[in-house]
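Student: Please read through the structure below; I'll follow up with questions.
Values in this text are rule-based calculations from the coordinates and carry no lab data. Please read these numbers as outputs of a predicted model, since none were measured by experiment. We place every Cβ from the backbone using ideal geometry, glycine too, and count neighbours over all the protein chains shown.
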Amino acid sequence: MSALSVHERRKFPLQSKTYLYATAFFSGMSVMAVEIGASRLLAPYFSASQIVWTIIIGVIMIALALGNVWGGRLADRDPDPARLYRRLMVAALWIAAIPVLGKYVIAVVSGLLIVAIETNLLVTAAFISCAAIFVFPLLLLGTVTPSLVKYATESLDESGRVVGNIGAFNTAGSIIGTFLPTFVTIPAAGTAATFLVFAGVLLLLGIGYFFCAGTGKRLCVTSLIAFLLFAVFGASSSPAFWETALAYEGESVYNYLQVKDDERMTIFSTNVMFGVQSKRIKDGSLTGMYFDYALAAPTLTGGGDVLVLGMGTGTFAEQCRRYFPASRITGVEIDEKIIALSRTYFELPEEIPVVAYDGRAFLQADENRYDVIMVDAFRDITIPFQMSSVEFFRMVEDHLAPGGVVSVNFNMRASGKGNINERLIDTIAAVFPAIRVVPVAGDTNLALFAARDEATLDALLPKAAALPDVVLSSLMRHVAARWQSPARGGEPLTDDKAPVELLGMRAIDGIIQEELRYYKEIYRREGFEGLKKSLT
């Protein structure tokens, strides 16, 4: 080895082309793994909606395209493989740093935009955060394919075969990189570890090249030390880094999961900033949230057979069991880890069965009818489109017993013509003739109740007065006095057209702006110092 020239040593690991094909495979695998990881990094802050996925895919494709152009020019100008493998090592270290620094980038970007823009805060913050975190490493990875083609092609006679082989290995790696994080590394070890695993793969590619070439020892040692530091500080990285006393934080195939616990209550959430998916008051009292309002449905039916689509950790089911003990409750929850949390932290009894299944798929397979059907299905802060359409609510109606009542939680209030709540109301009204809505006091939620006839819903006030529990009776009378038949605009959502994520983002953006208006006014009058004083 020592007798070889510097140029020959650099070419040595590439002479059989095996290392080039391995580079194509593992770089393609890492690109897709980073893309999957990007969705999990952004989801606790901006949701995992189709909008956020569109931003991620768009940003990464732009970065890769620019990398392809730049990489081709670099390879033509200076066809030294060492330059490519140095770029791979830089990309690896950037990706390894994401679990440590990514959350702070998101926090800074969101904080600056809060005072800088008036509309589309979440979408803009998601786009800028994604670009700031992922464009640079994906740009570097985009240089891989044109560089490999340059190094591997020795004559025009074999150019087609070489390009095809490199493309095939890259695509094969991309396939592995799509499935491996989703089904193995993220559920087993988490998003931070996933970034570290695939960053480590890229780093080893670079180190392997320089080891075989007999050069770059200082670069390899320095990179390894930096990677180990990122691994130490990033492996236990928390998306909710400002929280100091979480009872549980983890991930599943579907969600970021967070449990807060104190002396009075236990709270479950799938987003670090918005929404509460379940809540348990330890003394057994009402929660003060939409779960309480939803009890109007079993109040009207006397309990009976209750189906909860979107069980969460079982707040509504537990309340039905307490106030209507003869109820027979079945829960449906797609996320098995949430079901496990319900048993561990929320004391959901084993006698309440929970099926790990998608709510709509469950209805397709189930033949039973229910007196109460509670629809409370969300993917973090967004409504699954397949559970917001006319076709879905027709399935709900098919499973409703005579005299039964459907309760639906809208997790946000919205304004403006054609907003998400109006569209959902129109959708449900296309199936159920009788509908009532009531805003939840002190919250952004809206509770909807639907039945086959008006008489069923009109019975709430007398049935509320007959309840033996004084607190529940008072709340149900409050609901009966304030719920209304909503206006209907004739724009139902369908399986073919249900833009719930876009509509939901607009509604959440409006809620955020409403909440921030007070602080923005202080910032305009008194600047940053005044804002800091108001928050301390």
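Student: Relative to the present Cα-Cα distance, how much length would full extension add between Thr215 and Phe136 at 0.36 nm per residue of separation? Walk me through the numbers on the way to the answer.
Tutor: Working: separation 79, 0.36 × 79 = 28.44 nm, distance 2.57 nm.
Here the segment from Thr215 to Phe136 would lengthen by 25.9 nm.
Student: For the chain, what log10 I(q)/I(0) values come out of the Debye formula at q = 0.12 1/Å, with one point per alpha carbon and no solvent?
Tutor: Computed log10 I(q)/I(0) values: -1.11.
Student: Quick one: which residues, 5+ away or cross-chain, put their amide H under 5 Å from the amide H of Asp305? H built at 1.01 Å from N.
Tutor: Here Arg328, Asp371, Val372 satisfy the definition.
Student: Round to the nearest 0.05 the FRET efficiency obtained for Glu118 and Ser485 when R0 = 41 Å and r is the Cβ-Cβ distance. Before the final figure, lay out the partial values.
Tutor: On the way: r = 34 Å, r/R0 = 0.83.
Step by step, r from the Cβ atoms, then E = 0.75.
Student: With a cut-off of at most 10 other beta carbons within 10 Å, and DSSP calling the residue loop, which GluC sites (Glu not before Pro) in segment 239-273 qualify? Please list them. Before the final figure, lay out the partial values.
Tutor: Details: sites: Glu243, Glu249, Glu251, Glu263; in loops: Glu243, Glu263.
Those that pass, being in a loop and sparsely packed, are Glu263.
Student: With θ set to phi - 60°, apply the Karplus curve 6.51 cos²θ - 1.76 cosθ + 1.60 along segment 434-445 and write out the HN-Hα couplings as whole Hz, x wherever there is a Gly or Pro.
Tutor: 10, 9, 10, 10, 8, x, 7, 4, x, 9, 8, 7
Student: Using the structure shown, select from Lys150/Lys217; Lys282/Lys337; Lys337/Lys463 the pairs with a Cα to Cα distance greater than 29 angstrom.
Tutor: Lys337/Lys463
Student: Taking the Cα centroid of segment 140-169 and of segment 236-292, what is the distance between the two, rounded to the nearest whole Å?
Tutor: Each part's Cα centre sits 50 Å from the other's.
Student: Using R₀ = 41 Å, calculate the FRET efficiency as 1/(1 + (r/R₀)^6) where r is the Cβ-Cβ separation of Phe241 and Asp157; round to 0.05.
Tutor: Taking R0 as 41 Å, the efficiency between Phe241 and Asp157 is 0.15.
Student: Rounded to the nearest Å, what's the spacing between the alpha carbon centres of segment 448-521 and segment 307-350? Just the number, please.
Tutor: When both Cα centres are located, 22 Å separates them.
Student: Quick one: order Glu118, Glu333 by neighbouring beta-carbon count within 10 Å, fewest to most.
Tutor: Ranked by crowding around the Cβ, least crowded first: Glu118, Glu333.
Student: Still on this model: With the contact rule set at Cα under 8 Å and sequence spacing of 6 or more, what percent relative contact order holds for segment 6-234?
Tutor: Relative contact order of segment 6-234: 41 percent.
Student: How large is the Rg to Rh ratio of segment 32-115 when both quantities use alpha carbon positions and Rh follows Kirkwood? Please list the in-between numbers first.
Tutor: Working: Rg = 15.7 Å, Rh = 14.9 Å.
Here the Rg-to-Rh quotient is 1.06.
Student: Just add up the charged neighbours of Pro349: K/R +1, D/E -1, any other residue whose Cβ is under 14 Å from the Cβ of Pro349.
Tutor: Here the count lands on +1.
Student: Of Trp70, Trp94, how do they rank once you tally other Cβ atoms within 10 Å and put the fewest first?
Tutor: Neighbour counts put them in this order, fewest first: Trp70, Trp94.
Student: Here is a further query. Report, to the nearest 10°, how far helix 81-116 tilts away from the longest principal axis of the Cα atoms in the chain, using its own Cα long axis and a range of 0 to 90°.
Tutor: 30 degrees
Student: If you don't mind, another one. Could you order the peptides 20-28, 364-372, 137-145 from most to least packed, using the average number of other C-beta atoms within 10 Å per residue?
Tutor: Sorting 20-28, 364-372, 137-145 by mean packing, highest first, produces 137-145, 20-28, 364-372.
Student: Right, another one. Hey, got the dipole for the chain? About the Cα centre, +1 on K and R Cβ, -1 on D and E Cβ, debye to the nearest 20?
Tutor: Using Cβ point charges on Lys, Arg, Asp and Glu, the chain gives about 1840 debye.
Student: Please express the shape of segment 303-400 as an equivalent ellipsoid: the semi-axes are the square roots of 5 times the eigenvalues of the C-alpha gyration tensor, given largest first in whole angstrom.
Tutor: Semi-axis lengths for segment 303-400 are 20, 17, 11 Å.
Student: Further, regarding this structure: Pairs of alpha-carbon atoms within less than 8 angstrom and 6+ residues apart define the contacts here; what relative contact order does segment 288-498 have, in percent?
Tutor: Relative contact order for segment 288-498 comes out at 22 percent.
Student: Still on this model: Short version: ³J(HN,Hα) in whole Hz for each residue of segment 320-336, in order, from phi by Karplus 6.51 cos²θ - 1.76 cosθ + 1.60 (θ = phi - 60°), x for Gly and Pro, what are they?
Tutor: 4, 5, 6, 8, 9, x, 7, 5, 10, 9, 10, x, 10, 9, 5, 9, 5
Student: Kindly list the residues of segment 183-222 that lie in the label zone of Gln386, defined by a backbone N under 18 Å from the point 7 Å along the Cα-to-C-beta vector.
Tutor: Flagged as within label range: 183.
Student: Please rank Phe46, Phe127, Phe136, fewest neighbouring Cβ atoms within 10 Å first, as an exposure proxy.
Tutor: Phe136, Phe127, Phe46
Student: What angle do you read, to the nearest 10 degrees and between 0 and 90, between the alpha-carbon axis of helix 470-482 and the longest principal axis of the chain?
Tutor: Around 80 degrees separate the two axes.
Student: Expressed as a rounded percentage, what relative contact order does the chain have, with Cα pairs under 8 Å and six or more residues apart?
Tutor: Across the chain, relative contact order equals 14 percent.
Student: Can you give the extra length, in nm with one decimal, that the chain gains between His478 and Glu521 once fully stretched, where that is 0.36 nm per residue apart less the Cα-Cα distance?
Tutor: Contour length minus the Cα-Cα distance gives 12.0 nm.
Student: For the chain, what is the calculated [θ] at 222 nm in deg cm²/dmol (nearest 500), taking -39500 (n - 2.57) for each run of four or more DSSP H residues and dividing by its residue count?
Tutor: -19000 deg cm²/dmol
Student: HN-Hα J couplings of segment 483-492 from phi, Karplus 6.51/-1.76/1.60, θ = phi - 60°, integer Hz, Gly and Pro as x?
Tutor: Running phi through 6.51 cos²θ - 1.76 cosθ + 1.60 with θ = phi - 60° gives 6, 9, 7, x, 5, 10, x, x, 10, x Hz.
Student: Okay, next question. Angle between the Cα long axis of helix 217-234 and the longest principal axis of the chain, 0 to 90 degrees, nearest 10?
Tutor: Taking Cα atoms only, the helix is inclined about 10 degrees.
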